[in-house]
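K.L.:
First the structure, which I've put down as structure tokens, then a few questions once you've had a look.
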Amino acid sequence: MAKHDAATVHASAVLVGTRAVLIRGPSGAGKSRLAWELIGASRSESFACLVGDDRVHLQSAHGRLLVRPAESLAGLIELRGVGILRCDHEPCAVVGLVVDLAAANAERLPESEQVVVVADVTLPRLAVAPGAVALPMVLAMVNSGGGAHISKVT
């Protein structure tokens, strides 16, 4: 597959195991908070590390979606009420799951696996309803395999 130019998007990403979770949603939906919670929840179980917060670069390459932090924000994460924190980060990761926060089309019991196409790459998608607590759902997706592309946390 041809390589596409990197696009900058308003999102956060965390490498969990061998694949990244790309977290999208409107401003104030909790993208940074979910990223921080994923890093914290994985400390005792497996490897997790910030890729980028607030803005990330996405690029398709050989049928995979790569995510990188925006250069000016690399290693920084904003926590509402706390401020901007510096933390370790990965310079690049392969996305294995897309989480859409405050998604109007979130279903309580989806009838089939949800997918989304980002930069010509089809990925498993988790739509989280407005106001719903996302962390348990994301961990369940990661732990269950969340489709063919996400690795198991434990």
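The values are calculated or read from the model by the stated rules, or taken from the named source; none is laboratory data. Worth saying up front: this structure is predicted, and the values here are computed from it rather than measured. Here Cβ is always computed from backbone atoms with ideal geometry, including for glycine, and neighbour counts include all displayed protein chains.
K.L.:
Could you count how many residues in segment 89-119 are at pLDDT 95 or above and not aliphatic (A, V, I, L, M)?
P.N.:
Total meeting the criteria: 6.
K.L.:
Just for strands (runs of 3 or more DSSP E) wholly inside segment 1-106: which have at least 1 residues that are among the hydroxyl-bearing types (Ser, Thr, Tyr) and out of contact with any Gly (no Cβ under 7 Å at 6 or more places or on another chain)?
P.N.:
Working: elements: 7-16, 19-24, 48-52, 55-61, 64-69, 76-79, 83-86, 93-100.
Because the criterion is at least 1 residues that are among the hydroxyl-bearing types (Ser, Thr, Tyr) and out of contact with any Gly (no Cβ under 7 Å at 6 or more places or on another chain), the strands (runs of 3 or more DSSP E) in segment 1-106 that meet it are 7-16, 55-61.
K.L.:
Which one of the conditions (1) buried (at least 20 other Cβ atoms within 10 Å of the Cβ); (2) under 15 Å from ARG19 (Cβ atoms) does HIS89 fail to meet, given that it meets all the rest?
P.N.:
(2)
K.L.:
From (1) within 16 Å of the chain's Cα centre (by Cα); (2) loosely packed, with under 13 Cβ neighbours inside 10 Å, pick out the condition that doesn't hold for VAL51.
P.N.:
Only one criterion in (1) within 16 Å of the chain's Cα centre (by Cα); (2) loosely packed, with under 13 Cβ neighbours inside 10 Å is unmet by VAL51, namely (2).
K.L.:
Within segment 6-23, is even one residue loosely packed, with under 13 Cβ neighbours inside 10 Å, farther than 22 Å from GLY145 by Cβ and in contact (Cβ under 8 Å) with a residue 60 or more places away in the chain?
P.N.:
yes
K.L.:
Those residues that are over 13 Å from the mean Cα position of the chain (by Cα), part of a loop (DSSP other than H, G, I, E, B) and aliphatic (A, V, I, L, M), I need them from segment 131-148; list them, please. Steps first, answer last, please.
P.N.:
Just the residues of segment 131-148 that are over 13 Å from the mean Cα position of the chain (by Cα), to begin with: 131-133, 136, 140, 143-145, 147-148.
Narrowing the set further to residues that are part of a loop (DSSP other than H, G, I, E, B) leaves 131-133, 145, 147-148.
Of everything in segment 131-148, those that are over 13 Å from the mean Cα position of the chain (by Cα), part of a loop (DSSP other than H, G, I, E, B) and aliphatic (A, V, I, L, M) turn out to be ALA132, VAL133, ALA148.
K.L.:
I'd like to verify a number: residues in segment 107-130 that are without any contact (Cβ under 8 Å) to a residue 12 or more places away in the chain and not in a loop (DSSP other than H, G, I, E, B), how many?
P.N.:
2
K.L.:
Answer yes or no as to whether ARG80 is over 21 Å from THR8 (Cα atoms), loosely packed, with under 15 Cβ neighbours inside 10 Å, over 14 Å from the mean Cα position of the chain (by Cα) and in contact (Cβ under 8 Å) with a residue 40 or more places away in the chain. Full working, then the answer.
P.N.:
Working: over 21 Å from THR8 (Cα atoms): yes; loosely packed, with under 15 Cβ neighbours inside 10 Å: yes; over 14 Å from the mean Cα position of the chain (by Cα): yes; in contact (Cβ under 8 Å) with a residue 40 or more places away in the chain: yes.
For ARG80, the condition - over 21 Å from THR8 (Cα atoms), loosely packed, with under 15 Cβ neighbours inside 10 Å, over 14 Å from the mean Cα position of the chain (by Cα) and in contact (Cβ under 8 Å) with a residue 40 or more places away in the chain - is met.
K.L.:
Let me ask something else. Here are the criteria: (1) touching a Leu at 6+ places or on another chain (Cβ under 9 Å); (2) at pLDDT 95 or above. Tell me which single one ALA6 does not satisfy.
P.N.:
(2)
K.L.:
I'd like to verify a number: residues in segment 32-86 that are among the charged types (D, E, K, R), closer than 21 Å to ALA6 by Cα and touching a strand residue (DSSP E or B) at 6+ places or on another chain (Cβ under 7 Å), how many?
P.N.:
Taking segment 32-86 as the starting set, the residues that turn out to be among the charged types (D, E, K, R) are 33, 37, 43, 45, 53-55, 64, 68, 71, 78, 80, 86.
Applying the additional criterion that residues be closer than 21 Å to ALA6 by Cα yields 53-55, 64, 68, 71.
Cutting the leftovers down to touching a strand residue (DSSP E or B) at 6+ places or on another chain (Cβ under 7 Å) gives us 53-55, 64, 68.
Number of matching residues: 5.
K.L.:
Exactly one condition in (1) surrounded by 16 or more Cβ atoms within 10 Å (Cβ to Cβ); (2) of a type in the set (S, T, N, Q); (3) within 16 Å of SER12 (Cβ to Cβ) is not met by GLN114; state its number.
P.N.:
It fails just one condition, (3).
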